[in-house]
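The values are calculated or read from the model by the stated rules, or taken from the named source; none is laboratory data. Remember, it's a predicted structure, so these values are computed and weren't measured experimentally. Every residue, glycine among them, receives a Cβ derived from its backbone with ideal geometry; neighbour counts consider all protein chains shown. Heavy atoms of the whole protein, side chains included, go into the accessibility calculation; ligands, DNA and RNA do not. Shrake-Rupley method; radii C 1.70, N 1.55, O 1.52, S 1.80 Å.
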Amino acid sequence: GTTIHVVRGTSSATIAVQYRTLDTNTDTLGTTRTIIANQSPTGYGTLSLTKARNGNLLLIGFNGTNVSVGLQRSVDAGVNWVSLTSPGVVNGDRYDLHPGTETDTADIWCVQFRLGTFSLHLLIYDDSADTWSTTDIANSINLNLADLMASATRLPDGYVILVASDAGWSTVHNIRCWEIGGAASIVAKTNVITGVQYIQGMHVMVSQPD
């Protein structure tokens with residue numbers, strides 16, 4: 001498609017999280033929508049946005065170091081947003097949303113790093129029940145920095161490719177990789193890099209079919 005979806009967190013006391021689109025075909029901007037207001041966030045935060053296979057837009061994350069965004073959903077192309085059950089968004093954790101491959105096209109996946117337990121998990125959101133289920137991916141994962149994890153959806157099968165550091169950036173660590181096809185299909189792949197130090201950022205891209 002030609003529509004680019006963008007969310008941003010701000011340090012404004014009246015506007016915390018906003019959403020806007022860009023049509024690359026006509027180079028025109030959509031209306032700026034305020035998803036969450038009046039939160040007075042501070043510091044650095046992480047947000048993740050995805051489009052479910054039924055067309056719903058979903059947002060999760062942390063705006064700044066003090067404000068949980070929780071899970072937000074729009075069923076009308078970003079015009080209006082409602083708050084749903086949160087999986088327990090905690091400052092310092094990392095969340096990456098993906099459309100997933102569940103039978104219900106409104107359901108989505110979330111790859112989560114939990115700082116408190118140094119672990120990676122696959123969270124699956126059941127839209128009709130407004131509930132989450134959790135499947136462990138790996139333990140003993142100390143990202144240290146949220147940027148030491150990245151994931152991408154692979155087309156056309158909808159699987160997720162996840163890469164993450166297994167130790168803090170200043171210690172010797174490995175860049176590990178998983179192929180995720182759902183709660184029953186989490187497969188560890190060969191380490192992308194072994195025995196490195198001082199990695200300060202990470203990104204993954206999956207070559208898509210023509």
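The table for this structure:
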| item | result |
| --- | --- |
| Carbon plus sulfur fraction of accessible area for the chain, probe 1.4 Å, in percent | 49 |
| Measure of compaction for segment 124-205 (Cα Rg per 2.2 N^0.38 Å) | 1.19 |
| Relative contact order, percent, the chain [alpha-carbon distance under 8 Å, six or more residues apart] | 11 |
| Among G116, G92, G100, residue whose mean-square fluctuation peaks in a GNM of the chain (springs only between Cα atoms under 10 Å) | G116 |
| ³J(HN,Hα) computed for each position of segment 196-203 - Karplus, 6.51 cos²θ - 1.76 cosθ + 1.60, integer Hz, glycine/proline x | 10, 9, 6, 8, 10, x, 7, 8 |
| Spin-label proximity, D157 to segment 174-194 - amide N less than 18 Å from point 7 Å beyond Cα toward beta carbon | 177-191 |
| The chain: most fluctuating residue of S86, S170, S151 per GNM, C-alpha cutoff 10 Å | S170 |
| Residue-normalised accessible area of the chain, expressed per residue, 1.4 Å probe, Å² | 48 |
| Cα-centre dipole for the chain with unit charges at Cβ (Lys and Arg positive, Asp and Glu negative), debye to 20 | 460 |
| Net lengthening on full extension, T31/I4 (0.36 nm per residue, minus Cα-Cα) | 8.4 nm |
| At 0.692 mPa s and 37 °C, Stokes diffusion of the chain via Kirkwood alpha-carbon radius, µm² per second | 184 |
